[in-house]
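The values are calculated or read from the model by the stated rules, or taken from the named source; none is laboratory data. Predicted model only: the values in this text are computed from it and were never measured. Ideal geometry is used to build each Cβ from the backbone, glycine not excepted, and the neighbour counts take in all protein chains shown.
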Amino acid sequence: MSFIASSAPLLFFDSGIGGLSVLKAVQAALPNAPIVFAADCAGLPYGTKTEAEISVRLPALLGRLVERYQPRLVTIACNTACTIALTHVRAALDVPVVGTVPAIKPAAEATQSGVIGLLGTAATVRQSYVDKLYADHAPDMTLLRHAAPELVSAAEAKIRGEPVDPAVYVRAMAGLIDQPDGARLDVVVLGCTHFPLIEDELRAAAPHVKFVDGGAGIARRVRHLTKDQTWPVDPEEATFVTTGPVAKLNALLPALSGFGLTRIGSL
Ligand code: DGL
């Protein structure tokens with residue numbers, strides 16, 4: 001393995017700020033890791049895009065990011081991007097890439113009733129990648145899927161400190177519970193990285209349900225892949241870059257600084 005400088009960052013990528021839910025888990029596991037978080041705010045939301053659009057957009061953007069920041073590892077903190085384009089991205093980059101895909105395996109382990117739900121974007125819930133996760137990890141169970149694009153905007157609004165109508169969360173949970181077998185639903189996969197940011201609100205809408213997401217598993221994977229590497233004793237400020245206008249980030253700055261993301265720029 002080639003030498004990796006202790007200053008080499010971990011690069012996180014999402015369409016917006018949803019990936020902060022993954023960053024949080026990784027920062028808890030690797031507190032001294034230098035961080036660059038890239039948000040494709042100009043491309044948000046991914047959930048309403050076509051497979052072709054995402055497959056073209058992702059490798060190009062990540063190629064530029066890797067060239068600029070020379071990360072030791074890339075985490076694509078976006079289920080939509082990964083269920084569509086993880087293979088293309090891995091083929092295009094020569095650094096390790098950790099993906100985020102719906103946590104169907106942990107959900108299958110946690111359910112008592114055998115009925116699990118998946119909340120994701122419209123693009124994620126229709127992917128054959130999800131069919132494969134279901135076939136591999138929960139073949140004898142019932143998987144209910146519901147696309148909840150409203151929750152992406154709700155999470156973005158919450159992080160900007162804006163009020164969100166709680167009916168949004170009730171509607172999203174009803175999208176699962178009102179399906180046949182939905183009354184037996186006991187575990188829901190938060191299959192979009194924006195959704196753990198609004199887990200408390202979703203729990204208030206459906207208190208009997210357990211929610212699972214991929215954050216902890218990704219943190220374990222990143223720690224494992226970097227286990228022989230060194231980290232700075234005193235890392236520099238973490239960087240947040242956007243593909244959109246930096247001025248549009250003003251309302252996000254307090255939340256970003258909570259993650260140490262105080263160096264703000266554009267891609
Ligand atoms: N955070 C993203 C995900 O995990 C998608 C949000 C969007 O851009 O629609 O799927």
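Considering the stretch 108-124, the residues that are part of a loop (DSSP other than H, G, I, E, B) and in contact with a helix residue (DSSP H, G or I) (Cβ under 9 Å, 6 or more places away or on another chain) include one that is nearest to the ligand (Cβ to nearest atom), namely Thr121. Applying the set (1) buried (at least 19 other Cβ atoms within 10 Å of the Cβ); (2) touching a His at 6+ places or on another chain (Cβ under 7 Å); (3) not in a strand (DSSP E or B) to Lys105 leaves exactly one unmet item: (1). Scanning the stretch 41-52 for residues that are out of contact with any strand residue (DSSP E or B) (no Cβ under 6 Å at 6 or more places or on another chain), within 11 Å of the ligand (Cβ to nearest atom) and not β-branched (Val, Ile, Thr) yields Gly43, Leu44, Pro45, Tyr46, Gly47, Lys49. Of everything in the stretch 53-77 that is away from the ligand (no atom under 16 Å from the Cβ), assigned to a helix (DSSP H, G or I) and aliphatic (A, V, I, L, M), the residue that is nearest to His224 (Cα to Cα) is Val66. All told, Thr87 falls short of being of a type in the set (S, T, N, Q) and either closer than 14 Å to Val222 by Cβ or within 15 Å of the ligand (Cβ to nearest atom) (or both). Checked against the criteria, Thr80 counts as in contact with a helix residue (DSSP H, G or I) (Cβ under 7 Å, 6 or more places away or on another chain), part of a helix (DSSP H, G or I) and surrounded by 24 or more Cβ atoms within 10 Å (Cβ to Cβ). Of all residues in the stretch 108-123, none that is closer than 14 Å to Asp181 by Cα has its Cβ atom under 9 Å from the Cβ atom of a residue that is modelled with pLDDT under 95, 6 or more apart or on another chain. Taken over the stretch 256-267, residues that are assigned to a strand (DSSP E or B) and in contact with a Phe, Trp or Tyr (Cβ under 9 Å, 6 or more places away or on another chain) amount to 5. Could we say that Glu51 is under 16 Å from Gln127 (Cβ atoms) and surrounded by fewer than 24 Cβ atoms within 10 Å (Cβ to Cβ) here? Answer is yes for this residue. Of the residues making up the stretch 6-40, those that are in a loop (DSSP other than H, G, I, E, B), near the ligand (Cβ under 10 Å from one of its atoms) and either surrounded by fewer than 24 Cβ atoms within 10 Å (Cβ to Cβ) or of a type outside the set (A, V, I, L, M, F, W, C) (or both) number 5.
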